[in-house]
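Chemist: First, the structure itself, so that you have it in front of you.
The values are calculated or read from the model by the stated rules, or taken from the named source; none is laboratory data. Since the model is a prediction, treat every value here as computed from it, not as a measurement. Virtual Cβ from ideal backbone geometry, glycine too; neighbours counted across all protein chains shown. Heavy atoms of the whole protein, side chains included, go into the accessibility calculation; ligands, DNA and RNA do not. Shrake-Rupley method; radii C 1.70, N 1.55, O 1.52, S 1.80 Å.
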Amino acid sequence: MKKSLFVFFTVFISSYASFSQQLKSPDQFLGYQLGDKYTAHYKIVNYFQQAALAMPKMMKLEQYGETNEGRPLLLAFVASEGNFAKLDEIRKNNLRLTGMLNDKPGDVNAPSIVWLSYNVHGNETSSSEVSMKTLYELLNPNNAQTKEWLKNTVVIIDPCLNPDGRDRYVNWFTQVVGKTADANTDAREHSEPWPGGRTNHYNFDLNRDWAWQTQIETKGRLKKYNEWMPQIHCDFHEQGINNPYYFAPAAEPFHEVITKWQRDFQYTIGKNHAKYFDANGWLYFTKEIFDLFYPAYGDTYPIYNGAIGMTYEQAGGPGGGAAALKSDGDTLTLKDRIAHHFTTSMSTVEIASLNNNRLVTEFKKFFDDAKNNGIGEYKTYVITETNAGKLKSLQSFFEANGIKYGTVSGASLKGYNYFSGKEEVFTTANNIAVSAYQPKSALIKVLFEPKSKLSDSVTYDITAWSIPYVYGVQAYAVKEKMVTGVYSRPIAKNDLTENAYGYLINYSSFEDAKLLSALLIAKIKVRFAEKDFTYNGKGFKKGTLIILKKGNEDKLDELMAASKKYEATLTSVSGGFMETGFDFGSEKVHFIKKPNVAMLTGKSVNPSSAGEVWHLFEQQLDYSITLINADEINGAALKNIDVLILPDGNYKFLTEKDAAAEVKTWVQQGGKIIAVEYAAELIAKADWGFKLKKSDEEEKKDDKKDDNSVYADVKRFENRERESITEYIPGSIYKVTLDDSHPLAFGYTSGYFTLKQNSDLYEFMKDGWNVGVIKKDNQVAGFVGSKLKDKIKDGTVIGVQQVGRGSIVYFADNPIFRSFWENGKLMFANAVFLVNQ
Ligand SMILES: [Zn+2]
């Protein structure tokens with residue numbers, strides 16, 4: 001399918017080239033007025049192609065990737081003829097200003113670079129329509145104004161960041177809309193089916209993925225972004241139909257690394273937009289809702305990379321259809337939406353051009369400050385972790401973000417220990433060290449600071465993401481500047497002998513879980529020991545993978561190849577007799593049966609949570625998974641299934657007696673359920689033996705003794721947002737104490753940190769395993785509402801319950817959130833492959 005799509009593009013373009021070299025407006029090219037209907041992604045691509053052919057001295061088109069469904073990801077580069085001729089030199093000079101290229105000093109007498117990103121949320125659909133109009137007006141020979149702006153401005157246009165999501169919406173909408181769009185918002189065309197077009201193929205929100213780069217679209221785009229490093233980045237969105245338009249300046253909280261210049265210029269831009277909106281009588285708002293804190297947005301990530309990053313939100317979105325009756329009685333049309341986004345697009349280029357010198361000079365200053373002063377109180381981050389698998393994923397994370405790293409040597413260093421939360425003296429020989437003195441200093445500070453400072457606690461997203469917790473790596477934040485040398489990851493060395501009886505593989509990271517997955521797919525027979533053991537004087541941890549020669553005789557080449565691919569170390573043994581621990585024939589050495597895995601999906605399931613599991617299996621573990629609609633689950637559907645995953649969701653069958661009984665019978669006969677977040681809560685409510693914990697306050701609620709407490713419920717209206725956050729936990733990090741003797745926790749030698757986004761805590765199970773427990777005072781970072789602070793302690797967040805011959809694994813928190821929470825992935829894999837074997 002992917003190939004044929006490309007052949008189609010090529011044929012179309014070459015035949016087109018033969019009969020037209022004249023730039024066409026979107027209306028001329030499409031054969032309808034922009035806004036009359038939605039344009040499919042391939043037609044947008046074709047429009048950009050024809051423009052590139054017609055205006056080869058001002059524009060070029062580059063493909064930076066391909067989506068999961070095979071659609072091309074494109075960037076258009078637009079400049080004056082003079083600048084276009086030296087475009088790559090402009091790019092290099094710009095990188096010199098940042099210090100990311102050091103062959104010679106950068107020149108501030110250079111054009112500024114404006115990057116316009118359209119349609120990251122696929123169902124916020126007006127923006128890709130606008131991208132064609134923006135491109136046309138920048139190129140249009142009759143538009144003298146844009147020609148003036150292009151003298152000192154290079155514009156990069158990404159017409160659609162999320163083509164799969166956009167086409168999902170557009171294809172659906174085109175099928176359900178009548179001859180004319182229905183403005184009645186009760187009409188079916190205003191209510192998009194699950195999972196909606198907002199996200200990409202794997203239901204990922206690409207506007208939460210910038211720093212993490214877990215998705216193919218983001219990976220390709222960020223590579224280009226880091227080659228260009230624009231001064232201005234705009235991310236075009238849509239919001240509810242009754243919220244007219246939002247543009248910069250943004251709302252508090254602003255992260256403290258954001259400079260005065262970056263704040264001030266948001267006002268300059270906002271004022272320019274306001275001028276045009278006022279002239280047209282259009283409504284808008286600024287300084288509310290959209291804050292600048294979480295680092296993986298299309299506004300914050302550019303800001304932490306020295307740009308003026310902004311979100312623009314037009315009324316519309318999936319509920320807007322192509323016409324929608326608003327609460328004030330007016331009808332919002334697709335044409336209105338296009339007009340507004342087009343206005344801010346043009347106004348952005350204009351204001352960049354008017355402030356060209358200042359923009360480039362301040363941009364250079366941002367990076368000079370980063371390189372010379374190092375942003376933040378900590379100047380070196382030393383990661384003393386030795387786990388090769390974790391270090392491998394950490395290195396690729398740094399490289400994807402242009403973060404330079406090395407190594408430091410030293411005895412008796414002093415730093416903040418992320419795991420203990422204390423300043424400590426430490427010694428290190430092998431480490432990865434990241435210095436704050438480099439171009440990416442602001443981003444590094446945001447990613448590494450132990451506790452982020454919130455200037456205002458009403459934020460749009462999670463409030464903690466510090467890298468040592470995300471990756472589960474022992475690390476220290478050091479206040480001194482240190483010299484970093486070249487780091488090279490230790491290469492795995494196999495310890496093999498002739499005539500091996502079997503092979504041992506250390507199991508301690510998600511990389512090892514990927515290897516296990518590959519071995520199972522290759523039908524290699526794998527076992528693991530449930531206790532530590534010693535062989536030939538060498539100690540091996542519980543969970544170590546054991547591959548005997550017997551039964552795997554014809555698979556040894558595959559074993560070697562897979563181990564090499566995942567950089568695992570193989571140790572051979574010449575017998576099954578262990579010095580300590582269990583011999584390989586013991587029943588405490590478990591054979592891993594390759595499980596058939598299914599996941600519930602569909603309407604009642606949180607699409608992100610389902611997408612994360614789907615992506616984990618297909619793109620990371622490379623392991624097949626059957627997706628079953630939650631409405632259609634019953635005993636028969638589970639006949640050949642060993643593991644059933646319930647992502648966060650509201651499952652009706654758990655509240656229906658007969659359906660629940662069928663699933664419970666399947667578990668009793670040996671099935672395994674992995675329940676995440678609300679799915680776990682529903683099973684607890686269904687009384688399968690796992691109970692939600694009530695807080696002390698909830699238990700005491702009925703006998704209030706304090707006289708003053710009767711006034712506690714009298715609230716001021718203007719404080720309503722603030723009051724609501726006392727019981728709010730937007731995403732905060734807690735230390736979890738693990739029972740590391742349980743297979744669910746195998747491979748975790750340095751504990752676990754959970755990202756808590758709900759207040760769920762379970763009672764300690766008497767008949768089950770409390771594998772992950774939050775004890776007192778174990779919150780390490782992020783915001784937690786004052787009323788919840790006391791509640792989240794002394795309870796279970798990760799549990800395993802035996803039900804007949806089967807089991808249920810409970811995750812109160814999502815261990816693979818947005819796929820960036822790296823340290824939870826091994827535990828999820830353990831739940832699938834190791835628990836109840
Ligand atoms: Zn959006």
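Chemist: Enumerate the pairs (first residue in the range 493-509 and of a type in the set (A, V, I, L, M, F, W, C); second residue anywhere and assigned to a loop (DSSP other than H, G, I, E, B) and open to solvent by 20 Å² or more (accessible area, probe 1.4 Å)) with beta-carbon separation below 8 Å, excluding pairs fewer than 6 apart on the same chain, so at least 6 apart or on different chains.
Modeler: Here the result reads ALA500/LYS549; ALA500/SER574; ILE505/THR569, each pair linking the range 493-509 to a residue that is assigned to a loop (DSSP other than H, G, I, E, B) and open to solvent by 20 Å² or more (accessible area, probe 1.4 Å).
Chemist: Another one. May I ask you to list the residues in the range 300-310 that are aromatic (Phe, Trp, Tyr) and either open to solvent by 10 Å² or more (accessible area, probe 1.4 Å) or within 16 Å of the ligand (Cβ to nearest atom) (or both)? Show your work before the answer.
Modeler: Within the range 300-310, the subset aromatic (Phe, Trp, Tyr) is 301, 304.
Answer for the range 300-310, where residues must be aromatic (Phe, Trp, Tyr) and either open to solvent by 10 Å² or more (accessible area, probe 1.4 Å) or within 16 Å of the ligand (Cβ to nearest atom) (or both): just TYR301.
Chemist: Name the residues in the range 311-333 that are within 13 Å of the ligand (Cβ to nearest atom), on the phi < 0 side of the Ramachandran plot and open to solvent by less than 10 Å² (accessible area, probe 1.4 Å), would you? Spell out the reasoning first.
Modeler: Within the range 311-333, the first condition is being within 13 Å of the ligand (Cβ to nearest atom), and the residues that meet it are 311-320.
In the following step, the residues that additionally are on the phi < 0 side of the Ramachandran plot were identified as 311-315, 318-320.
Residues satisfying the conditions are TYR312, GLN314, ALA315, GLY320.
Chemist: Check the range 357-364 and report whether any residue there is open to solvent by 20 Å² or more (accessible area, probe 1.4 Å), over 25 Å from ARG96 (Cα atoms), away from the ligand (no atom under 16 Å from the Cβ) and touching a residue at least 24 places away in the same chain (Cβ under 8 Å). Reasoning before the result, please.
Modeler: As a first pass, look at the range 357-364 and keep what is open to solvent by 20 Å² or more (accessible area, probe 1.4 Å): 357-358, 361-362, 364.
Filter once more, so that each one left must be over 25 Å from ARG96 (Cα atoms): none.
Looking for residues that are open to solvent by 20 Å² or more (accessible area, probe 1.4 Å), over 25 Å from ARG96 (Cα atoms), away from the ligand (no atom under 16 Å from the Cβ) and touching a residue at least 24 places away in the same chain (Cβ under 8 Å), one finds none in the range 357-364, hence no.
Chemist: So which residues in the range 463-478 are closer than 15 Å to GLY376 by Cα and either small (Gly, Ala, Ser) or open to solvent by 10 Å² or more (accessible area, probe 1.4 Å) (or both)? Show your work before the answer.
Modeler: Going residue by residue through the range 463-478, those that are closer than 15 Å to GLY376 by Cα are 466, 476-478.
The answer is SER466, TYR476, ALA477.
Chemist: Same structure again: Mind listing whichever residues of the range 624-638 are open to solvent by less than 50 Å² (accessible area, probe 1.4 Å) and in a loop (DSSP other than H, G, I, E, B)? I'd like the intermediate steps shown before the answer.
Modeler: From the range 624-638, those open to solvent by less than 50 Å² (accessible area, probe 1.4 Å) are 625, 628, 630, 633, 635, 637-638; that's our starting set.
Result: ILE625, ILE633, GLY635.
Chemist: Filter the range 199-244 down to the residues that are within 13 Å of the ligand (Cβ to nearest atom) and out of contact with any Ser or Thr (no Cβ under 8 Å at 6 or more places or on another chain), then identify the one that is farthest from GLU362 (Cα to Cα).
Modeler: GLY240
Chemist: Ok, one more. Taking the range 223-254 only, how many residues are assigned to a loop (DSSP other than H, G, I, E, B), in contact with a helix residue (DSSP H, G or I) (Cβ under 6 Å, 6 or more places away or on another chain) and at negative phi? First the steps, then the outcome.
Modeler: Our first condition is that a residue be assigned to a loop (DSSP other than H, G, I, E, B); within the range 223-254, this holds for 229-231, 240-244, 247-250.
Right, trim to in contact with a helix residue (DSSP H, G or I) (Cβ under 6 Å, 6 or more places away or on another chain) and you get 229, 231, 241, 247-249.
Next, from what is left, pick out any that are at negative phi: 231, 241, 247-249.
Final tally of qualifying residues: 5.
Chemist: Would you confirm whether or not the range 107-116 contains a residue that is among the charged types (D, E, K, R) and open to solvent by 10 Å² or more (accessible area, probe 1.4 Å)? Show your work before the answer.
Modeler: First, the residues of the range 107-116 that are among the charged types (D, E, K, R): 107.
Now restrict to residues that are open to solvent by 10 Å² or more (accessible area, probe 1.4 Å): 107.
Yes - at least one qualifying residue is present in the range 107-116.
Chemist: Further question: Given the options ILE641, ILE673, ILE645, name the one that is in contact with a strand residue (DSSP E or B) (Cβ under 8 Å, 6 or more places away or on another chain), under 18 Å from ASN596 (Cβ atoms) and assigned to a loop (DSSP other than H, G, I, E, B).
Modeler: Values: ILE673 fails: assigned to a loop (DSSP other than H, G, I, E, B); ILE645 fails: assigned to a loop (DSSP other than H, G, I, E, B).
Step by step, each of ILE641, ILE673, ILE645 is checked, and only ILE641 is in contact with a strand residue (DSSP E or B) (Cβ under 8 Å, 6 or more places away or on another chain), under 18 Å from ASN596 (Cβ atoms) and assigned to a loop (DSSP other than H, G, I, E, B).
Chemist: Only residues that are under 30 Å from ILE467 (Cβ atoms) and surrounded by fewer than 24 Cβ atoms within 10 Å (Cβ to Cβ): list them for the range 266-289, please.
Modeler: Quick first cut of the range 266-289, residues under 30 Å from ILE467 (Cβ atoms) only: 266, 289.
Answer for the range 266-289, where residues must be under 30 Å from ILE467 (Cβ atoms) and surrounded by fewer than 24 Cβ atoms within 10 Å (Cβ to Cβ): just ILE289.
Chemist: Go through (1) under 22 Å from TYR416 (Cβ atoms); (2) buried (at least 21 other Cβ atoms within 10 Å of the Cβ); (3) in contact with a strand residue (DSSP E or B) (Cβ under 8 Å, 6 or more places away or on another chain) and name the single condition LYS481 misses.
Modeler: Here LYS481 meets the rest and fails (2).
Chemist: Taking VAL605 as the residue in question, decide whether it is over 26 Å from GLU530 (Cβ atoms), of a type outside the set (Asp, Glu) and crowded, with 16+ Cβ neighbours inside 10 Å.
Modeler: The answer is yes for VAL605.
Chemist: Going through the range 334-356 one residue at a time, which ones are among the polar types (S, T, N, Q) and surrounded by fewer than 24 Cβ atoms within 10 Å (Cβ to Cβ)?
Modeler: THR343, SER347, SER353, ASN355, ASN356
Chemist: Looking only at residues that are of a type in the set (A, V, I, L, M, F, W, C) and within 16 Å of the ligand (Cβ to nearest atom) in the range 286-299, which one is nearest to VAL257 (Cα to Cα)? First the steps, then the outcome.
Modeler: Our first condition is that a residue be of a type in the set (A, V, I, L, M, F, W, C); within the range 286-299, this holds for 289-290, 292-293, 296.
Okay, now just the ones that are also within 16 Å of the ligand (Cβ to nearest atom), so 289-290, 292, 296.
Working: ILE289: 20, PHE290: 17, LEU292: 10, ALA296: 15 Å.
Across the range 286-299, the extreme among qualifying residues is LEU292.
Chemist: OK, next. Any residue in the range 124-141 that is within 16 Å of the ligand (Cβ to nearest atom), hydrophobic (A, V, I, L, M, F, W, C) and buried (at least 17 other Cβ atoms within 10 Å of the Cβ)? Walk me through how you get there before you give the answer.
Modeler: First, the residues of the range 124-141 that are within 16 Å of the ligand (Cβ to nearest atom): 124-131.
From the residues that got through so far, the ones that are hydrophobic (A, V, I, L, M, F, W, C) too are 130.
Next, from what is left, pick out any that are buried (at least 17 other Cβ atoms within 10 Å of the Cβ): 130.
Within the range 124-141, one or more residues are within 16 Å of the ligand (Cβ to nearest atom), hydrophobic (A, V, I, L, M, F, W, C) and buried (at least 17 other Cβ atoms within 10 Å of the Cβ).
Chemist: Sticking with this structure for a sec: Considering each residue of the range 181-202, count those that are touching a residue at least 12 places away in the same chain (Cβ under 8 Å) and either charged (D, E, K, R) or part of a helix (DSSP H, G or I) (or both), and give that number.
Modeler: So the answer is 6.
Chemist: Continuing with the same structure: Those residues that are more than 16 Å from the ligand (Cβ to nearest atom) and at pLDDT 95 or above, I need them from the range 245-256; list them, please.
Modeler: none
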